[in-house]
């Protein structure tokens with residue numbers, strides 16, 4: 001994922017933590033459709049799951065009740081995740097959560113029309129937009145991707161959702177989309193450093209029902 005430096009980096013990391021962690025006591029997914037399994041080889045854990053063919057987050061904790069932290073976003077049609085080189089003599093707990101929600105139209109980067117200086121443009125924020133018409137499961141619209149340098153992109157869009165957990169910034173790589181960054185709900189402006197892709201979309205995401213929790217203890 002792409003992060004900025006300094007104060008902007010801190011702000012972006014806070015956005016990621018807010019989107020990626022869940023408090024202790026969250027649902028254990030005992031009745032969920034996703035069935036998660038784990039196996040341990042040395043100090044590496046391999047996770048596989050059945051019952052869901054869409055995008056998911058893979059999350060881990062070191063206590064049974066959490067808090068859980070996102071390890072990664074796994075695209076649809078992939079049902080496997082490797083968590084390597086783990087700390088010895090530690091129990092790791094895992095769960096998987098579906099990521100659901102409508103996406104914007106795909107947009108291709110165009111040159112920025114203004115002069116971009118400093119780091120303020122990097123900070124995720126909500127900018128007033130009179131075109132917004134929030135509703136449940138509303139799809140983001142009017143995505144604009146601007147190239148502000150060889151490896152820097154600024155994205156703005158219309159926030160039409162009233163029930164999103166946050167927004168996923170997804171880049172196109174080899175014909176498929178992968179998550180580049182995560183921002184909080186109601187955000188409609190973000191800058192990314194370290195991004196050279198030209199094609200993006202934005203997803204107003206919500207979490208589906210959590211899988212069962214599995215655990216492995218490293219030797």
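The values are calculated or read from the model by the stated rules, or taken from the named source; none is laboratory data. Keep in mind the model is a prediction, meaning the values are calculated, not measured. Neighbour counts are summed over all protein chains in view; Cβ atoms, including those assigned to glycine, are modelled from backbone coordinates with ideal geometry.
Conditions (1) surrounded by 14 or more Cβ atoms within 10 Å (Cβ to Cβ); (2) modelled with pLDDT under 85; (3) out of contact with any strand residue (DSSP E or B) (no Cβ under 9 Å at 6 or more places or on another chain); (4) assigned by TED's automatic domain parsing to the domain that holds residue 152, marked per residue:
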{"site": "29", "(1), (2), (3), (4)": "yes, yes, no, no"}
{"site": "44", "(1), (2), (3), (4)": "yes, no, no, no"}
{"site": "64", "(1), (2), (3), (4)": "no, no, no, no"}
{"site": "82", "(1), (2), (3), (4)": "no, no, no, no"}
{"site": "90", "(1), (2), (3), (4)": "no, no, no, no"}
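Just for the stretch 109-119: of the residues that are touching a residue at least 24 places away in the same chain (Cβ under 8 Å) and exposed (fewer than 12 other Cβ atoms within 10 Å of the Cβ), which one is nearest to residue 78 (Cα to Cα)?
Per the stated criteria, the residue is 110.
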Query - the stretch 162-210: number of residues that are out of contact with any strand residue (DSSP E or B) (no Cβ under 7 Å at 6 or more places or on another chain) and not in a loop (DSSP other than H, G, I, E, B) - result: 2
Report summary line: Residues in the stretch 29-44 that are under 21 Å from the mean Cα position of the chain (by Cα) and in a strand (DSSP E or B) total 1
**Report entry** Candidate set: the stretch 188-207, residues that are surrounded by fewer than 23 Cβ atoms within 10 Å (Cβ to Cβ) and within 14 Å of the chain's Cα centre (by Cα); chosen: the one nearest to residue 131 (Cα to Cα)
**Finding:** 201
